[in-house]
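Asker: Dumping the structure here so I can ask a few things about it.
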Amino acid sequence: MFLKVQLPWNVVIPAENLDAKGLMLQKAIVIRLMDEFATKKATKDLGYFLAVTTLDKVGEGKVRQNTGDVMFPVVFSGITFKLYRGEILEGVVHKVFKHGVLLRCGPVENICRIINICLRRINAFFLNDMPSKIEKDVVVRFIVIGTKWLEADREFQALVSLDGDYLGLIA
Amino acid sequence: MSGEEEENAAELKIGDEFLKAKCLMNCEVSLILEHKYEQLRQTSEDPMNQVSQVFEKSLQYVKRFSRYKNPDAVRQVREILSRYQLAEFELCVLGNLCPETVEEAIAMVPSIKTKGRAHDDEAIEKMLNDLSLIKRFE
C-alpha cells in the first residue's frame with residue numbers, strides 16, 4: 001500500500017551550498033532530502049521511501065559550531081510503500097524455482113510464494129487442474145501472509161499466498 | 001514472521017497511525033511519480049541516474065497497475081469512493097483492484113462487512129457500478 005506521510009526531519013546544508021540571496025534554499029533542502037532518502041531506502045515503520053512531495057514547514061536554521069553547515073528542522077510530506085499482513089495486491093512473477101515463485105510488487109523484489117504439493121512443476125512453470133500456468137512475467141493477485149524487515153539490507157521480505165477467492169493468476 | 005502479532009489488514013488492524021494516514025491508490029501515485037520524473041527530465045539530461053532504484057521500480061509498477069490513467073478520472077474515483085464511509089486503506093484497495101462483483105469486493109476487503117457498518121450489498125453494488133462507469137468513459 002502506498003502511504004502519504006508527513007514527517008519532521010533535520011536537513012543539514014553544507015556551507016558552500018548556501019546562496020547569499022536564500023532563494024535556492026527550498027530546492028537545496030528538497031535535493032538533500034531526496035539524497036538522504038535514496039541512501040536510507042526504507043525504515044521498518046514506514047516502508048520504502050519513494051519521493052518527497054511537498055516541503056510543508058522550514059524552521060530556523062542553526063549554524064553548527066565546527067563545520068559551518070546549517071541545520072534546518074523541516075516538516076515535509078512524502079510517499080512510502082509498505083506491505084501489510086492480510087493485504088491483497090497484484091504483482092509480477094519474476095523467478096520460478098523448485099519450491100515456489102518469487103514475485104515483484106512495487107519496490108519489493110523478494111516476495112515469496114511456496115507452492116504446495118498439489119501443483120506439479122513442469123519445466124519452469126507450475127500447473128494445476130485449471131488450464132493456466134504460473135510462469136515468469138505473469139500477473140498474480142496474492143494475499144500477504146507475513147512480512148519481515150531485514151535491518152542489514154534495509155529491505156522487506158514477504159510471504160504470500162495465492163489460495164483464496166479471486167486470488168491467483170490474473171489474465 | 002511479522003513483528004506485530006496483531007497486524008491484519010483484512011480486519012483493518014494496521015496500527016492506529018496508519019489508519020489515519022492518507023493512503024494513495026496506484027493511479028494517484030502514478031500521476032505524482034510521473035510528474036516528478038518529468039520535472040527531473042527538464043532539469044537534467046539523464047534523469048534515470050538521478051532517481052533511486054526504489055523510485056524507478058515503483059514508477060514501473062504503478063504505471064503498469066493503474067486502472068485509471070486520466071487525472072480527472074482518478075479524482076472522480078477518489079471522490080466516489082469517499083462517499084461510502086470507508087477507511088483510507090479500504091478505499092485504496094478497492095480503487096487498485098477494481099472488483100467487478102459484490103462477492104469479489106468483499107473477498108478483497110473483508111473489513112467492509114465485518115465492522116458492523118451499514119455496508120449492505122446494495123450499497124457496495126452501487127459503488128462498483130459507479131466505478132465501472134468512470135472506466136467506461138475514461
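The values are calculated or read from the model by the stated rules, or taken from the named source; none is laboratory data. Here the structure is a predicted model, which means the values were calculated and not measured. Cβ sites come from the backbone with ideal geometry, for glycine too, and all protein chains shown count toward neighbours. What goes into the accessible areas is simple: the full protein's heavy atoms, side chains included, and nothing from ligands, DNA or RNA. Shrake-Rupley method; radii C 1.70, N 1.55, O 1.52, S 1.80 Å.
Asker: What is the dipole size for segment B:23-138, taken about its Cα centre, with +1 at each Lys and Arg Cβ and -1 at each Asp and Glu Cβ, in debye to the nearest 20? Before the final figure, lay out the partial values.
Answerer: Working: 16 positive and 19 negative charges, 27 e Å.
Roughly 120 debye for segment B:23-138.
Asker: Take peptide A:141-148, look around each residue's Cβ out to 10 angstrom, count Cβ atoms belonging to other protein chains, and average those counts. Could you put the intermediate results ahead of the total?
Answerer: Values: counts 2, 0, 4, 5, 2, 4, 5, 3.
Partner Cβ neighbours, averaged per residue: 3.
Asker: Pop the C-beta distance of B:Gln50 and B:Glu100 into the FRET formula with R0 = 51 Å and round what comes out to the nearest 0.05.
Answerer: Values: r = 40 Å, r/R0 = 0.78.
Once the sixth-power term is evaluated, E becomes 0.80.
Asker: Using the beta-carbon distance between B:Glu79 and A:Asp56 and R0 = 30 Å, what value does 1/(1 + (r/R0)^6) give for FRET efficiency, to the nearest 0.05?
Answerer: Values: r = 24 Å, r/R0 = 0.80.
It comes out at approximately 0.80.
Asker: Moving to a separate point now. For segment B:71-137, what is the largest minus smallest coordinate of the Cα atoms on each principal axis, given in angstrom and ordered from greatest to least?
Answerer: Extents along the principal axes: 33, 21, 17 Å.
Asker: In nanometres, what is the gap between the two model label sites at B:Lys22 and B:Asn70, each 7 Å from Cα along Cα-to-Cβ?
Answerer: 2.4
Asker: OK, next. Would you kindly state how much longer the chain becomes between B:Glu125 and B:Lys63 on full extension, computed as 0.36 nm times their sequence separation minus their alpha carbon distance, in nm to one decimal? Could you put the intermediate results ahead of the total?
Answerer: Values: separation 62, 0.36 × 62 = 22.32 nm, distance 2.73 nm.
Net length gain for the segment: 19.6 nm.
Asker: Just checking the output field for A:41-48: average partner chain Cβ neighbours within 10 Å of each residue's Cβ?
Answerer: Values: counts 3, 1, 0, 1, 3, 3, 1, 6.
For peptide A:41-48, the averaged partner shielding equals 2.
Asker: Taking 30 Å as R0, compute the FRET efficiency from the Cβ-Cβ separation of A:Leu169 and B:Thr43 and round it to 0.05. Please report the intermediate quantities before stating the final value.
Answerer: Details: r = 42 Å, r/R0 = 1.39.
After rounding, the FRET efficiency stands at 0.10.
Asker: What quantity of accessible surface, computed with a 1.4 Å probe and excluding non-protein components, is buried in total between chains A and B, in Å² to the nearest 100? Numbers along the way, then the final one.
Answerer: Working: alone 10690 and 9340 Å², together 16560 Å².
That pair hides around 3500 Å² of surface in total.
Asker: Which GluC sites (Glu not before Pro) does segment B:7-86 hold that lie in a coil by DSSP with at most 14 other beta carbons within 10 Å? All intermediate terms of the calculation are to be shown ahead of the outcome.
Answerer: Numbers: sites: B:Glu7, B:Glu11, B:Glu17, B:Glu28, B:Glu34, B:Glu38, B:Glu45, B:Glu56, B:Glu79; in loops: B:Glu7, B:Glu45.
Filter output for segment B:7-86: B:Glu45.
Asker: To continue, here is another question. Which order do the peptides B:81-94, A:87-100 take when ranked by the mean count of other beta-carbon atoms within 10 Å per residue, highest first?
Answerer: Values: B:81-94: 19.2, A:87-100: 17.6.
Those peptides, ordered most packed to least, come out B:81-94, A:87-100.
Asker: Place the peptides B:103-111, A:26-34, B:122-130 in order of packing, highest mean first, counting for every residue the other Cβ atoms within 10 Å and averaging per peptide. Could you put the intermediate results ahead of the total?
Answerer: On the way: B:103-111: 20.2, A:26-34: 17.2, B:122-130: 15.2.
The most tightly packed comes first, giving B:103-111, A:26-34, B:122-130.
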